[in-house]
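> To start, I am sharing the structure in question, which I have written as structure tokens.
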Amino acid sequence: MVLTTSESSSPLLGYSHKVDHILKKKYPKRHHHYRFSDFFSFDTPSGSVVDWNDSRNIFAGEDFIVALIEGLEEEVGSASSVVMYSMGRQWGQRDAESFKIWFEQEFGFSVKQSSLSFILETWWWPFASQGWGNWEVDLNEQKNGFMFINVFDSAVARTLGDVGKPVCHIYAGLFSGFFSGLIQKQLNCIEIQCYAMGETYCKFLLGKQDRIDAATFWQTEGGTARDIEKRLQNGEYLG
Amino acid sequence: MMDRAQWPVTTVGYFFSALPWRGSAIASAPPERKQSIDFRLLSVQDFFASMAWDGQPQVVTTAEKGRGLSYQMSVRQFFGHIAWQGRPNIGVVPQIRHNPTKAPDLDLSDLSDLF
């Protein structure tokens, strides 16, 4: 898993030296740059890694993920999931802003002029290169006011293993923050199915507050992803 | 000087006799020659049939036979002349049926309208 900052020179990390991506400097118009050796640029003298979009990257192993989640649980108990969600949400909101900028710089047109499928693919490719897994967006329920996002090989769930409950709260926060920033509407997200529950992939529900609140309630009551999906399709919400 | 296009339908004797051995061209026409035709316009069958095998050239033109193949035809006409199993129907492009079930590509405003 790779964590990123929005800029390659981050004062938060005590790092002010701007590092150029060597391959991007040579081929600035190249689009197929998501291979590991192409996407990352390793600056050995400064010990830093920047990606194609000029974000500084920090490589973190499974020990880091375990330490982060268990450390949070130690500190705040069951609220750790909320903290992880909030972290992801702020990350997603900031990433939506930087995404709009680098998208236009790379392709010469804005996200508003592009097709949705191209936007979504372009946004997630860096995450796939950074080890956050592959994804699939399911827009079949668009008429019902929500959508599903499937994540395959989630870094968090893969690390924690079968713990019997959803653990990818940072992903849910990331999706809620990014899509809220992208369309300028308040959206929320919940993971309704997780690899850490013994499923084959993680499934996230993205929608407005009322739908996510309802899904959260049904999940707390023991509802499965299929139960939640059916109820939402039937137009059930919390009264 | 003899035209190159006439060589295949010319007898050997006339061919050599027509050459300007003495430095002056022979103005007389080849014997029994009906008309001149570019051999490249003939079908393979007509080409070989028109050869002066026995010293008596028999020129058969495409126009006389009413049909034939020529490299000057378009590809469509050329292959269209061949009776493929009696039903010449070459190069017919099947009609592409429009698939009305395919959803149009969405954009960002469509996503915004979703919520």
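The values are calculated or read from the model by the stated rules, or taken from the named source; none is laboratory data. Everything quoted here is computed from the prediction, not taken from an experiment. When we count neighbours, we look across all protein chains shown, and the Cβ atoms used for this are built from the backbone with ideal geometry, even at glycine. Areas reflect the complete protein model, heavy atoms only, side chains present, ligands, DNA and RNA absent. Shrake-Rupley method; radii C 1.70, N 1.55, O 1.52, S 1.80 Å.
> State the volume of the convex hull built on the alpha-carbon positions of the stretch A:85-131, expressed per residue in Å³ and rounded to an integer.
Cα convex hull per residue, to the nearest whole number: 83 Å³.
> Using a probe radius of 1.4 Å on protein heavy atoms only, what is the accessible area buried between chains B and A, both sides summed, to the nearest 100 Å²?
Counting protein atoms only, the buried area is about 1300 Å².
> Could you tell me the convex hull volume per residue, in Å³, taken over the Cα atoms of the stretch A:75-233?
115
> Next question. Can you tell me what share of the DSSP beta bridges in chain A is antiparallel? A percent to the nearest 5 is fine.
100
> Are there chymotrypsin sites (Phe, Trp or Tyr not before Pro) in the stretch A:104-160 that DSSP marks as loop and that have at most 10 other Cβ atoms within 10 Å, and which are they?
Those that pass, being in a loop and sparsely packed, are A:Phe109.
> What's the longest bit of chain A with no exposed GluC sites (Glu not before Pro), using DSSP loop states and at most 13 other Cβ atoms within 10 Å as the test?
A:1-220
> Also, quick follow-up: Under DSSP H, which helices of chain A have Cα atoms covering 18 Å or more of the helix axis and a Kyte-Doolittle average no less than 0.5?
Qualifying helices: A:62-76, A:116-129, A:169-183.
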